[in-house]
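J.: Sharing a structure below in structure tokens format, with a few things to ask.
The values are calculated or read from the model by the stated rules, or taken from the named source; none is laboratory data. In this text the structure is predicted, and so the values were computed from the model without any measurement. Every residue, glycine among them, receives a Cβ derived from its backbone with ideal geometry; neighbour counts consider all protein chains shown. The accessibility values were calculated without ligands, DNA or RNA, using every heavy atom of the protein model including side chains. Shrake-Rupley method; radii C 1.70, N 1.55, O 1.52, S 1.80 Å.
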Amino acid sequence: MSIATDTYTRRPAADTQGWSPVCPLEKLEPERGVAALVDGAQVALFRAGDELFALDNLDPVGGAYVLSRGIVGSRGGTPTVASPLHKQVYDLRTGACLDLPGVAVPRHDVRCRDGLVEVRLRREG
Amino acid sequence: MNGDTTGPGTAGGDAATGGRVVVIGNGMVGQRFTEALRARDTDRRWQVTVLAEERRPAYDRVRLSAFFDGVSAEELNLHTPDDGVELRLGEPATAIDRERRVVVTAAGEHPYDAVVLATGSYPFVPPVAGRDLPGVFVYRTLDDLEAIREHARGRRVGAVIGGGLLGLEAANALRLLGLATHVIEFAPRLMPVQVDEAGGAMLRRYVEELGVTTHLGVATTALRPGADGAVTALELSDGRTVDAELVVVAAGIRPRDDLARAAGLELGPRGGVLVDATCRTGDERIWAVGECAAVDGVCHGLVAPGYATAEVVADRLLGGAATFPGADTATKLKLLGVDVASFGDAHGTTEGSLDVTFTDPATRSYAKLVLSDDAKTLLGGVLVGDASAYPTLRASVGGPLPAAPLALLAPAGGAAAGAGALPGSAQVCSCNAVTRDDIDAAIAGGCADVPALKACTRAGTSCGSCVPMLKQLLDAAGVKQSTALCEHFDLSRQELFDVVRVRGIRTFSRLVAEHGRGRGCDICKPVVASILASLGTGHVLDGERASLQDTNDAYLANLQRDGSYSVVPRIPGGEITPEKLIVIGQVAQEFKLYTKITGGQRIDLFGARVDQLPQIWRRLVDAGFESGHAYGKALRTVKSCVGETWCRYGVQDSVGLAVALELRYRGLRAPHKLKSAVSGCARECAEARSKDFGIIATDTGWNLYVGGNGGFRPRHADLFATDLSTAELIPLIDRFLMYYIRTADRLQRTAAWIEAMEGGLDHLRAVIVDDSLGLCAELEAEMARHVAGYSDEWRDVLDDPERLRRFSSFVNAPDVPDPSITFAVERGQPVPAGRARPVAAAAAPDGEAPARRRQPVTLGLPEVRR
Ligand code: SRM
Ligand SMILES: Cc1cc2nc3c(=O)[nH]c(=O)nc-3n(C[C@H](O)[C@H](O)[C@H](O)COP(=O)(O)OP(=O)(O)OC[C@H]3O[C@@H](n4cnc5c(N)ncnc54)[C@H](O)[C@@H]3O)c2cc1C
Ligand code: SF4
Ligand code: FES
């Protein structure tokens, strides 16, 4: 698989799976990420402002599962996370890397229902 | 002129053909000549031999005194090896045989097609009785300075004969060596050549306040030996005697023209090798540059005119038509911490010239401008105490005044206003002959800051006094040198620090709402986190603050390449009991951690998962360890050498001091990490001079060094204060650190901070020693608060379930270890298991394939040869 092409992350969810409940909303700290295991996949969940975001936890540049531990912020109006390894900044909404053209992390669907955070993985078809 | 051995252009060695050039002298100007010739001689017409009397290649004589500030001989070096140049060290020329066209040395003969005399000057020593006694020195070479330092050991009083520029510089050196210092000057004022009477009086007040005793208007009549045969006293022409166990003679210099004289070349009216404006002697094959040259009869004792002669001869040897442009005798110096500048016709010797003088006893500054009779043209001037207007004024000599005289002289006023008003032809950097037009062209060509201007025009790379003006010209050109932290704050770190401190702001959200915009980012958030921590506002992981921390601070451990963390307990001073060593070993064994002794004299345990960190720290804290803050921009280690307790050379308890310092400053958050070391004697086994603050023991106390750095751009620390008692040392370090924390930029180590500081080390001394800003008490109080408020971050986490909650790999599976962290075994220890290279690396921005490969280390296996 190649996640270095942004057609992949832009593609709408091909094979939709069900939503998996992850944890109560209050377990997500404001302006910070956490990692979650969803169907054996590592997902980085972020709560920034009043929005939720989910990306793969794998830093595609550094190769370690650490994105959830990056600093959350904004660039221009875009909500972002900076990899804790080498500080590349990613768009939380799309997973696109704002510093390296052509680099992106897969994003996943996330929502909050009845105080419960749920994730739906998007997997390559 | 006499003695032309060949007619113009008759043999090899003229401009067209080149040949062999022998350079006599490898001082500052000889070196510059050689470089200039090599740079221009692209088809290698000249083969260069350099004969050097000194055993060292050329060094920066202008900065010679920095040697006593701890700058090493290597750092002063100016010479870069060049395979087109044969440098013969320690082989002085003894004669020039113009008949046979050879330069003679003790080792042999060097045939020439051209000779460049660059022999410099020798110090003039008045013919007084006792001038050859041991303990009497001159001040010209590194060897001289080494000898002075050696002789000063264990001695208490020194004297300098001569109160000029060089004499005062030598006096400062003796002070730095810890000697009570006298200056004896024949003229009725200090620096008679550069400053006038009133300026001299102001200077004298400064100098005497520093504890230097001046004796003006008297001559030294004899030097007297003591029982050991070395000098012990000076007799003065007024009948008085001054006790001194070390004497430096700085009574002027004389050009070294003996080779030329013996070769029958003509000399200048006051000595020096007579040359015309092309720097050629009467013999068309022989040239002279630098201090030994009497250009049209006048010798110049400064480096800038010397460099100009070097450029002229390099040009001429390649067929150019350069002539000596005339000398700028302007000088600006920091003498004993006092700014002194003199430029142009400082004494008002021009017909009908007018003086404007300005004396301000409050700021203790004196200034004089010499104007033409119509008061429109600036001819020269003298500044003492505050020389901030110097660069602008010097560049304006001979032209219209950039502003009204008083506006120019008012403290700090005119300088900035003035630079923009300079004419294009004004020389901004006189050391390197760079005009305002040159600078403006460089700016137009894209230079956007001072380093770029330096690289592109060479301005500011010698004495540095024009650097402020480079900044002003950038400003004048509308190049904004932004200090904004990032897109979320227009303030610099220093301004943010003040806002937070003065307004008592305690949260990032309030700060960004009131003084910034947006959500923050990985630049401003850690900065604010650090500022809040420096101000002692509670645990770094409490409340909103947790979200500001870089991952290292967020988990109080260092993130590794595989997503695991390392653990570094504090081992103050590197001293550890066997019991504690055993605990570290047991913890490493139990949690299967890779174990390594760090370069900071402590032990690093690698490969811990987030969820293991609290368990590991529970064990460590119970055994009496605390956080080593290896993860923080904070105090790291205070390294020590074993010191007087065991070492046969040690003169103080270096381990004891290192431990005390590490415990005092542990947990102190700063703009960047802070490192220190204490050595028990001058052998310096703890490498204190590579630290942000380093301490080296002396027989009677401690020497404090600041601003050292290892790492990316190594820099030796500067000697800041000498022979301090422990009680004197601590408040100085307190102030130093707190002033750094308040004013440095983000991620600026102390070395870069001091280098960027306007006024540099002297400013720093003024602030934290002389309390020029009235800050000292505040800084000390802040440090006292830090010391009193310290508690171990890891213990505080273990004691608090709320904080502990964060240490799990997965929010929905706290008990599942991170499956991506796996290990292989290397040399008997766990290491991150090899994993395929991450995919995205293939998409590096420039499209290059990732070339980096780990090199297998297979010592012992035979190499495969083809
Ligand atoms: C562990 C250690 C190497 C070792 O195995 O010996 C080390 C490891 C790291 N050093 Fe270092 N440095 C270590 C001693 C040094 C030293 C030597 C010393 O302190 O005497 C230096 C040069 C001295 C100096 O700082 O002036 C040093 C200069 C650096 C620099 C360059 C700093 C600079 O000013 O240029 C960095 C990068 C930075 O901080 O921005 C760095 C950064 C790092 C980082 C934090 C890199 C990173 O971001 O991950 C490494 C953390 C590894 C970890 O998890 O602990 N490390 N590093 C040493 C820990 C010492 C300790 O006990 O705390
Ligand atoms: C302490 C101090 C501070 C100074 N501060 C300043 C300052 O702030 N600003 C400024 O402009 N200037 C300053 N100067 C002056 C400046 O250093 C000189 O102008 C400059 O070094 C002159 O360069 P030079 O090459 O002509 O002579 P030097 O640098 O003296 O070099 C001459 C070299 O020739 C060698 N030599 C002599 N005879 C022979 C021979 N027969 N064979 C081979 N080699 C020989 C000598 O050993 C020496 O190494 C200072 C000087 C000193 C000592
Ligand atoms: S030198 Fe480089 S690789 Fe080695 S510890 Fe320091 S930062 Fe890491
Ligand atoms: S004036 Fe000396 S470096 Fe520019």
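J.: Note down all Cβ pairs under 6 Å where the first residue falls in the range B:809-822 and is more than 7 Å from chain A (Cβ to nearest Cβ), the second is open to solvent by 50 Å² or more (accessible area, probe 1.4 Å), and they're at least six residues apart or on different chains.
T.: B:P817/B:R609; B:I821/B:R609
J.: I'd like to check which strands (runs of 3 or more DSSP E) are fully inside the range B:674-729 and have at least 2 residues that are open to solvent by 30 Å² or more (accessible area, probe 1.4 Å) and closer than 25 Å to B:N172 by Cβ.
T.: Details: elements: B:674-679, B:693-697, B:702-706, B:718-724.
In the range B:674-729, B:718-724 are the strands (runs of 3 or more DSSP E) which contain 2 or more residues that are open to solvent by 30 Å² or more (accessible area, probe 1.4 Å) and closer than 25 Å to B:N172 by Cβ.
J.: Filter the range B:754-769 down to the residues that are buried (at least 18 other Cβ atoms within 10 Å of the Cβ) and among the β-branched types (V, I, T) and list them by number.
T.: Within the range B:754-769, B:I754, B:V767, B:I768 qualify.
J.: Same structure, new question: Just name the residue that is farthest from ligand 2 (Cβ to nearest atom) out of those in the range B:704-739 that are closer than 15 Å to B:L761 by Cα and of a type in the set (V, I, T).
T.: Going through the range B:704-739, the residues closer than 15 Å to B:L761 by Cα turn out to be B:704-708, B:715-722, B:732-733, B:735-737, B:739.
Still in the list and also of a type in the set (V, I, T): B:706, B:722, B:733.
Values: B:V706: 24, B:T722: 20, B:I733: 31 Å.
Across the range B:704-739, the extreme among qualifying residues is B:I733.
J.: Name the helices (runs of 4 or more DSSP H) wholly within the range B:503-573 that hold at least 2 residues that are within 16 Å of B:A630 (Cβ to Cβ)? Step through it out loud before you land on a result.
T.: On the way: elements: B:508-515, B:524-534, B:551-555.
Once the helices (runs of 4 or more DSSP H) in the range B:503-573 are filtered for at least 2 residues that are within 16 Å of B:A630 (Cβ to Cβ), what remains is B:524-534, B:551-555.
J.: Return a yes/no flag: does the range B:85-104 have any residue that is at pLDDT below 95, basic (K, R), at positive phi and not assigned by the TED database to the domain that holds B:F720.
T.: No, every residue in the range B:85-104 fails to be at pLDDT below 95, basic (K, R), at positive phi and not assigned by the TED database to the domain that holds B:F720.
J.: Within the range B:26-44, work out how many residues are more than 15 Å from B:A304 (Cα to Cα) and surrounded by 21 or more Cβ atoms within 10 Å (Cβ to Cβ).
T.: Initial filter on the range B:26-44 (more than 15 Å from B:A304 (Cα to Cα)): B:26, B:34-35, B:37-44.
Keeping just the survivors that are surrounded by 21 or more Cβ atoms within 10 Å (Cβ to Cβ) gives B:26, B:34, B:37.
Of the residues in the range B:26-44, 3 are more than 15 Å from B:A304 (Cα to Cα) and surrounded by 21 or more Cβ atoms within 10 Å (Cβ to Cβ).
J.: Condition test on B:G385, is it open to solvent by 10 Å² or more (accessible area, probe 1.4 Å), closer than 21 Å to B:P192 by Cα and not assigned by the TED database to the domain that holds B:V48?
T.: So B:G385 passes the test.
J.: Quick test for you: out of B:V831, B:V816, pick the one residue that is open to solvent by less than 80 Å² (accessible area, probe 1.4 Å), under 30 Å from A:P21 (Cα atoms) and not small (G, A, S). So that I can check it myself, show each step before the final result.
T.: Numbers: B:V831 fails: under 30 Å from A:P21 (Cα atoms).
Just a single option satisfies the conditions, and that option is B:V816.
J.: Looking at this structure, is B:K596 away from chain A (no Cβ under 14 Å), near ligand 1 (Cβ under 10 Å from one of its atoms) and more than 24 Å from B:L737 (Cβ to Cβ)?
T.: Numbers: away from chain A (no Cβ under 14 Å): yes; near ligand 1 (Cβ under 10 Å from one of its atoms): yes; more than 24 Å from B:L737 (Cβ to Cβ): yes.
It is true that B:K596 is away from chain A (no Cβ under 14 Å), near ligand 1 (Cβ under 10 Å from one of its atoms) and more than 24 Å from B:L737 (Cβ to Cβ).
J.: Let me ask something else about it. Can you tell me how many residues in the range B:355-377 are open to solvent by 70 Å² or more (accessible area, probe 1.4 Å) and hydrophobic (A, V, I, L, M, F, W, C)?
T.: 1
J.: If you scan the range B:76-89, which residues turn out to be open to solvent by 80 Å² or more (accessible area, probe 1.4 Å) and over 24 Å from B:E109 (Cα atoms)? Before you say what the answer is, go through the steps one by one.
T.: Of the range B:76-89, the ones open to solvent by 80 Å² or more (accessible area, probe 1.4 Å) are B:80-81, B:83, B:86.
Selection gives B:T80 alone.
J.: Could you check the range A:85-95 and list, in sequence order, the residues that are open to solvent by 20 Å² or more (accessible area, probe 1.4 Å) and either more than 9 Å from chain B (Cβ to nearest Cβ) or of a type in the set (S, T, Y) (or both)? Walk me through how you get there before you give the answer.
T.: At the first step, the residues of the range A:85-95 found to be open to solvent by 20 Å² or more (accessible area, probe 1.4 Å) are A:85-88, A:93-94.
Within the range A:85-95, A:H86, A:Q88, A:R93, A:T94 qualify.
J.: So B:C431 clears everything in (1) touching a residue at least 60 places away in the same chain (Cβ under 8 Å); (2) away from ligand 2 (no atom under 16 Å from the Cβ) except one condition, right? Which one?
T.: Failed condition: (2).
J.: For the range B:48-63, enumerate the residues that are open to solvent by less than 20 Å² (accessible area, probe 1.4 Å) and either touching a Lys or Arg at 6+ places or on another chain (Cβ under 6 Å) or within 16 Å of ligand 4 (Cβ to nearest atom) (or both).
T.: Result: B:L51, single match.
This table checks each residue for (1) surrounded by fewer than 23 Cβ atoms within 10 Å (Cβ to Cβ); (2) at the interface with another protein chain (Cβ under 8 Å from one of its Cβ atoms); (3) not in a loop (DSSP other than H, G, I, E, B).
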{"residue": "A:E26", "(1), (2), (3)": "yes, no, yes"}
{"residue": "A:E29", "(1), (2), (3)": "yes, yes, no"}
{"residue": "A:V34", "(1), (2), (3)": "no, yes, yes"}
{"residue": "A:V43", "(1), (2), (3)": "no, no, yes"}
{"residue": "A:R47", "(1), (2), (3)": "no, no, yes"}
{"residue": "A:A54", "(1), (2), (3)": "no, no, yes"}
{"residue": "A:P60", "(1), (2), (3)": "no, yes, no"}
{"residue": "A:G63", "(1), (2), (3)": "yes, yes, no"}
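J.: Could I ask something else about it? Quick check on this structure: which one of B:A16, B:A73, B:A11, B:A58 is more than 16 Å from ligand 1 (Cβ to nearest atom), more than 14 Å from every other protein chain (Cβ to nearest Cβ), at pLDDT below 95 and within 24 Å of the chain's Cα centre (by Cα)?
T.: On the way: B:A16 fails: within 24 Å of the chain's Cα centre (by Cα); B:A11 fails: within 24 Å of the chain's Cα centre (by Cα); B:A58 fails: at pLDDT below 95.
After ruling out the rest, the residue left standing is B:A73.
J.: Continuing with the same structure: With the checklist (1) among the aliphatic types (A, V, I, L, M); (2) open to solvent by 10 Å² or more (accessible area, probe 1.4 Å); (3) within 7 Å of another protein chain (Cβ to nearest Cβ) in hand, flag the one item A:A82 doesn't pass.
T.: That leaves (2) as the condition not met.
J.: Of the conditions (1) over 24 Å from the mean Cα position of the chain (by Cα); (2) closer than 14 Å to B:N709 by Cα, B:L674 satisfies every one except a single condition; which number is it?
T.: Only one criterion is unmet by B:L674, namely (1).
J.: Kindly list, by first and then second residue, each pair from a residue in the range B:640-651 that is outside the structural domain of B:L663 (by the TED database) to a residue that is of a type outside the set (D, E, K, R) and not in a helix (DSSP H, G or I), limited to pairs with Cβ atoms under 7 Å and residues at least 6 apart or on different chains.
T.: As it stands, the answer is none, since no pair meets every condition given.
J.: Can you confirm whether the range B:470-489 contains a residue that is away from ligand 2 (no atom under 16 Å from the Cβ), of a type in the set (S, T, Y) and part of a helix (DSSP H, G or I)? Show your work before the answer.
T.: Residues of the range B:470-489 away from ligand 2 (no atom under 16 Å from the Cβ): B:470-489.
Retained after the next criterion (residues that are of a type in the set (S, T, Y)): B:482-483.
Next cut, part of a helix (DSSP H, G or I) only: none.
There is no residue in the range B:470-489 that is away from ligand 2 (no atom under 16 Å from the Cβ), of a type in the set (S, T, Y) and part of a helix (DSSP H, G or I).
J.: In the list B:D315, B:D339, B:D328, which residue meets the criterion of being part of a strand (DSSP E or B) and more than 16 Å from ligand 1 (Cβ to nearest atom)?
T.: Numbers: B:D315 fails: part of a strand (DSSP E or B); B:D328 fails: part of a strand (DSSP E or B).
None of the other options fit; the residue is B:D339.
J.: Of the residues in the range B:539-574, how many are more than 9 Å from every other protein chain (Cβ to nearest Cβ) and either touching a Gly at 6+ places or on another chain (Cβ under 9 Å) or of a type in the set (S, T, Y) (or both)? Walk me through how you get there before you give the answer.
T.: First, pick out the residues of the range B:539-574 that are more than 9 Å from every other protein chain (Cβ to nearest Cβ): B:539-543, B:545, B:553, B:556-558, B:565-574.
Subsequent filtering for residues that are either touching a Gly at 6+ places or on another chain (Cβ under 9 Å) or of a type in the set (S, T, Y) (or both) retains B:540, B:545, B:553, B:556, B:565-571, B:573-574.
Here the count works out to 13.
J.: Between B:T278, B:T331, which is touching a helix residue (DSSP H, G or I) at 6+ places or on another chain (Cβ under 9 Å), modelled with pLDDT of 95 or more and among the hydroxyl-bearing types (S, T, Y)?
T.: Values: B:T331 fails: modelled with pLDDT of 95 or more.
The conditions single out B:T278.
J.: Before we move on, is B:T598 among the polar types (S, T, N, Q), open to solvent by 20 Å² or more (accessible area, probe 1.4 Å) and farther than 22 Å from B:R806 by Cα? Walk me through how you get there before you give the answer.
T.: Numbers: among the polar types (S, T, N, Q): yes; open to solvent by 20 Å² or more (accessible area, probe 1.4 Å): yes; farther than 22 Å from B:R806 by Cα: yes.
So B:T598 fits the description; yes.
J.: Any chance the range B:438-458 includes a residue that's within 14 Å of chain A (Cβ to nearest Cβ), open to solvent by 40 Å² or more (accessible area, probe 1.4 Å) and more than 16 Å from ligand 2 (Cβ to nearest atom)?
T.: Taking the range B:438-458 and keeping what is within 14 Å of chain A (Cβ to nearest Cβ), we get none.
So far as the range B:438-458 goes, no, none of its residues is within 14 Å of chain A (Cβ to nearest Cβ), open to solvent by 40 Å² or more (accessible area, probe 1.4 Å) and more than 16 Å from ligand 2 (Cβ to nearest atom).
J.: Identify all residues within the range B:688-721 that are of a type in the set (F, W, Y), touching a residue at least 12 places away in the same chain (Cβ under 8 Å) and within 15 Å of ligand 1 (Cβ to nearest atom); write none if there are none.
T.: Initial filter on the range B:688-721 (of a type in the set (F, W, Y)): B:693, B:702, B:705, B:712, B:720.
When the remaining residues are screened for being touching a residue at least 12 places away in the same chain (Cβ under 8 Å), the result is B:693, B:702, B:705, B:720.
Within the range B:688-721, B:F693, B:Y705 meet the criteria.
J.: Next question. Residues that are more than 28 Å from B:P255 (Cβ to Cβ), in a helix (DSSP H, G or I), assigned by the TED database to the domain that holds B:P127 and free of Cβ contacts under 8 Å to residues at least 12 places away in the same chain: does the range B:217-231 have at least one?
T.: no
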